[in-house]
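The values are calculated or read from the model by the stated rules, or taken from the named source; none is laboratory data. Source: prediction; values computed, not measured. All Cβ positions, glycine included, derive from the backbone under ideal geometry; neighbour counts span all protein chains shown. Surface accessibility is based on the protein's heavy atoms, side chains included, excluding ligands, DNA and RNA. Shrake-Rupley method; radii C 1.70, N 1.55, O 1.52, S 1.80 Å.
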Amino acid sequence: MPESDKNKTKMDNFKNRIDPAKLPRHIAIIMDGNGRWAKKKFLTRIKGHEKGIDAVRDVVEACREMGIAYLTLYAFSVENWRRPASEVNALMRLLKNYLLKERGNLLENEICLKAIGDLDRLPEDVRETLFQVIEDTEGGDKMTLILALSYGARWEIVKAALRIANDLKKGAIREEDVTPEMFSAYLTTSPFPDPDLLIRTSGELRLSNFLLWQLAYTELYITPTLWPDFTRKELMQAIEDYQKRERRFGMTSDQISELHAKY
Ligand code: FPP
């Protein structure tokens, strides 16, 4: 059998093992390892990021095909501004090119683009391109792609706390209104459900200031694969693994079975 047919058969096997009724509604990904991927191949770090964009395309396409409703990608953290200017500039250029190139694809596939993070810090041309694509794709209702850019969870939580304090001071809300649910409503992620599955590539066992509030009950899938090598096949593996887990949200196994029997 030719190699391409063998790959197709393998992919179909994965597809068959995934239960479409139990798909994670929201997948979040910490795309790590571009630099190490490049180093292993004696290439520049920028080449690693370039290859990382190919993986982004593949994963976005696969999520859209599978029917994942929300996909959040950690593309640039607030801490990443501390990298050498040449790398930051290259990442900004790649981001702008990605947005310009993907606009058509997003529209065609009815994918709505959103962004979270301290977007005021992005270079003006990148910000303008981003806002333009966000506006253009607003009507997309097949999937929401959320780019975390200049994003830091602590920054976001502090901002939310300040806004709540301000609203309390103005009397717009009362102290008893401040619940975890209402706190969520003050975060930049308020329009989206919390992630069901978090994937982190390159084997690091940390959250790196990503969605610290929203990941409270998220299932984690950590893989040693470096981001540029991450494929839709491994995405399916992560989903298959996720579907084997029992999500208890602090309850007992019996309570969960009763709930499932009811609904
Ligand atoms: C981590 O690899 C990755 C990043 C800091 C940026 C992720 C960016 C991309 C995949 C490309 C741009 C994305 C979009 C959506 C246009 P690293 O550099 O920290 O790798 P290392 O830990 O091996 O050095």
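List of remarks:
- Distances between placed amide hydrogens fall under 5 Å for Tyr151 paired with Phe76, Ser77, Val78, Asp118, all partners being 5 or more residues away or on another chain.
- Each residue of region 39-47 was assigned a 3J(HN,Hα) from its phi angle through the Karplus curve 6.51 cos²θ - 1.76 cosθ + 1.60 (θ = phi - 60°); the sequence is 4, 4, 9, 6, 10, 6, 4, 4, 4 Hz, with glycine and proline shown as x.
- Averaged over residues, the count of other Cβ atoms within 10 Å places the peptides 55-66, 92-103 in the sequence 55-66, 92-103, highest first.
- Subtracting the Cα-Cα distance of Asp254 and Ala21 from 0.36 nm times their residue separation leaves 81.8 nm of extension gain.
- Annotation for region 154-168 versus region 124-150: alpha-carbon center distance of 24 Å.
- Taking amide H positions as modeled 1.01 Å from N, with prolines and chain starts lacking one, the residues under 5 Å from Ala115 and 5 or more places away or on another chain are Leu147.
- Tyr242 accessible area, assembled protein chains, probe 1.4 Å, Å²: 20 Å²
- Cβ-based charge dipole, the chain, positive-most Cα from Asn16, Ile29, Ile222: Ile222
- Top of Phe183, Phe76, Phe230 by mean-square fluctuation, Gaussian network on the chain, Cα under 10 Å: Phe183
- A Förster radius of 22 Å combined with the Cβ-Cβ distance from Phe131 to Leu212 puts the calculated FRET efficiency at roughly 0.25.
- Computed over the chain, relative contact order equals 27 percent, with contacts defined as Cα pairs under 8 Å that lie 6+ residues apart.
- To put it simply, the accessible area of the chain at a 1.4 Å probe is 51 percent carbon and sulfur.
- Summary of the geometry: region 211-263 and region 60-83, compared by the centres of their Cα atoms, lie 17 Å apart.
- Net length gained if the chain between Trp155 and Leu220 were fully extended (0.36 nm per residue, minus Cα distance): 21.1 nm
- The string of couplings for region 66-71 from the Karplus curve (6.51, -1.76, 1.60, θ = phi - 60°) is 6, x, 6, 7, 9, 10 Hz, one whole number per residue in order, with x for Gly and Pro.
- Efficiency of FRET between Asn89 and Lys40 - r from beta-carbon atoms, R0 25 angstrom, step 0.05: 0.55
- Using a probe of 1.4 angstrom and keeping all protein chains present, the accessible surface of region 18-116 works out to 49 square angstrom per residue.
- Here region 152-215 is treated with +1 on each Lys and Arg Cβ and -1 on each Asp and Glu Cβ, and its dipole about the Cα centre works out to around 320 debye.
- The chain: C-alpha gyration tensor shape, a/c 1.5 cut-off, then a/b vs b/c: oblate
- Charge tally for Lys41 (other residues, Cβ to Cβ under 15 Å; Lys, Arg +1; Asp, Glu -1): +3.
- Top positive-direction residue, dipole computed over the chain with Cβ charges, set Leu99, Asn89, Val158: Asn89
- Size descriptors for region 48-149: radius of gyration and Dmax over Cα atoms are 13.2, 38 Å.
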